[in-house]
Ligand SMILES: [Fe+2]
Ligand SMILES: [Fe+2]
């Protein structure tokens, strides 16, 4: 998912006696499934948590443009170039919806971007891995957009109205991206030996980082309970991860690719796949800035923002001049 | 192909290659644009141009009837077989340079497509009629940005003026007819570049005036793109763009 660890500002769920009358009414409303809108009263922690979650998600969309964007100029056919261009452009659109949703909670886009640029805000760890061959573009669509959908479809029913509505639009496009990614790989595995090797290599590199996208294991995820009560998270990390695995393993088999996990096995009794140990050490390192591309990604975003400052300034200055002229006329 | 078909083929390559190379240049901005809305807008224009390129090159391939489709033409021709106008291969530079390059091209592209929408050639007419709607937006957008930058801050004014000065010598080629342009005009298939030039000058004058920019004195104009003599940049563009299909010629993607 694109928001892997959102701090709720609380250690656990608050209810019953400590909660104020207003908070109880708020929770009751959520329990009834009535959506919260920008003008409604909401606990400060709910608002802050949502801003954190939505902005992490928005940042992920924007940073996520980089690993794929760098293949647009190298796409091997005009059709693929168009598909990838449209996809990366969609991700910019997702960022835009999400920043707008965060703005309904009183956050400003500039402040959120500042937090991204100076390293205070997080974005999905997955985008700190490099795209090394064309097959990676397929793997990202299939696995990364696939994992994002797994997380985001339930959020279409989350308690905060603007976020839920943004998710509805986003999910439609993400499922498109996933199909296109899978189709790209299907073409490759039916192609030359070199193409098959590229596809397998891509799966080898992207499999584990994709599983890490769902965030820490439930036992290590302290904020899940509060977020679930607020219905801004509808399933635990491990639940979603398991669903993703169960869905994806057969898809890999259909491609004729093998999952890079010697411990992977099908459990007849539970009806689920079981996987080997996730390398949480790697996960935390990537989260904390030591992934293969963390520095480059952040530097690229910072450079774009700083180099663009004069452009934004010019647009502002021109708009002001216009307004003044109109007022004078 | 007889001479007439050869000329039409050349003409279609010029249309397709200019779109493709400019689309290729623009697409390098994705992820790096000054503001999120511009990621979207640049992506839109790049999408339109690559899409149009695909249509023009398909027509070229059909006309040639040698089994080359749009991809074959895009990925397996070297620089000397490319027919894009030189301005499209200029590097992105800063955002002012990208915007000015776009504006100077759009101001030509739009009246060109308007004319081609009345071409005697059915395929050209159809592609032009579809594309002209897209390019109407391109030219509106790039004009607005030229005005914003020119009449924005001191810095933006300097940057966009510098871009105009630098790109000016690549504008003449678009507006100057050669034998191919003349032959196609005569056949009722191609555009009248004299009229395109009128429209171009009108727009460029009006927009730069509103943008408080100074038009460079008419000076020496670079030529050659339409005949396959390019700048050093095109080789790098093609090396990057064509790398995969050429490295794996048996592969389908
Ligand atoms: Fe997205
Ligand atoms: Fe996506």
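The values are calculated or read from the model by the stated rules, or taken from the named source; none is laboratory data. Computed from a prediction, not measured in an experiment: that's the story for all the values here. Methodologically, a virtual Cβ is constructed for each residue, glycine included, from the backbone with ideal geometry; neighbour enumeration extends over all protein chains shown.
Tabulated data
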{"read-out": "Lone qualifier among A:182, A:160 - being crowded, with 24+ Cβ neighbours inside 10 Å and at negative phi", "value": "A:160"}
{"read-out": "Residue tally, condition part of a loop (DSSP other than H, G, I, E, B) and modelled with pLDDT of 95 or more, over segment B:187-221", "value": "13"}
{"read-out": "Single unsatisfied condition, residue A:105 versus (1) in a helix (DSSP H, G or I); (2) more than 16 Å from ligand 1 (Cβ to nearest atom); (3) more than 7 Å from chain B (Cβ to nearest Cβ)", "value": "(1)"}
{"read-out": "Every pair of residues 6+ apart whose Cβ atoms lie under 6 Å, when the first sits in segment B:127-154 and is more than 9 Å from chain A (Cβ to nearest Cβ) while the second is not in a helix (DSSP H, G or I)", "value": "B:128/B:117; B:129/B:117; B:132/B:117; B:146/B:211"}
{"read-out": "Extreme residue, farthest from ligand 1 (Cβ to nearest atom), among residues of segment A:177-196 that are more than 14 Å from chain B (Cβ to nearest Cβ) and in contact (Cβ under 8 Å) with a residue 60 or more places away in the chain", "value": "A:182"}
{"read-out": "Single match in A:149, A:137 (criterion: within 16 Å of ligand 1 (Cβ to nearest atom), within 14 Å of chain B (Cβ to nearest Cβ) and touching a residue at least 12 places away in the same chain (Cβ under 8 Å))", "value": "A:137"}
{"read-out": "Test: residue in segment A:120-128 that is at pLDDT 95 or above and more than 16 Å from ligand 1 (Cβ to nearest atom)", "value": "yes"}
{"read-out": "Hey, residue A:203 more than 14 Å from every other protein chain (Cβ to nearest Cβ) and either under 30 Å from residue A:76 (Cα atoms) or within 16 Å of ligand 2 (Cβ to nearest atom) (or both) or not", "value": "yes"}
{"read-out": "Top-ranked residue in segment A:114-138 [being part of a helix (DSSP H, G or I) and within 16 Å of residue A:2 (Cβ to Cβ); ranked as farthest from the chain's Cα centre (by Cα)]", "value": "A:115"}
{"read-out": "Count of residues meeting criterion [more than 14 Å from ligand 2 (Cβ to nearest atom) and part of a helix (DSSP H, G or I)] in segment A:141-184", "value": "9"}
{"read-out": "Only listed residue being away from ligand 1 (no atom under 16 Å from the Cβ) and crowded, with 18+ Cβ neighbours inside 10 Å, chosen from A:85, A:143, A:132, A:113", "value": "A:113"}
{"read-out": "Verdict on residue A:81 being touching a residue at least 60 places away in the same chain (Cβ under 8 Å), within 13 Å of chain B (Cβ to nearest Cβ), assigned to a helix (DSSP H, G or I) and under 30 Å from residue B:56 (Cα atoms)", "value": "no"}
{"read-out": "Any hit, segment A:46-53, residues being closer than 25 Å to residue B:248 by Cα, part of a helix (DSSP H, G or I) and more than 19 Å from the chain's Cα centre (by Cα)", "value": "no"}
{"read-out": "Selection from segment A:46-66 of residues that are surrounded by fewer than 24 Cβ atoms within 10 Å (Cβ to Cβ) and within 19 Å of residue A:135 (Cβ to Cβ)", "value": "A:66"}
{"read-out": "Any helices (runs of 4 or more DSSP H) falling wholly within segment A:202-318 and containing at least 2 residues that are surrounded by fewer than 18 Cβ atoms within 10 Å (Cβ to Cβ) and under 20 Å from the mean Cα position of the chain (by Cα)", "value": "A:237-255, A:280-285, A:294-307"}
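Per-residue answers, yes or no, for (1) within 16 Å of ligand 1 (Cβ to nearest atom); (2) under 30 Å from residue B:16 (Cα atoms):
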position	(1), (2)
A:21	no, no
A:24	no, no
A:43	no, no
A:66	yes, yes
A:79	no, yes
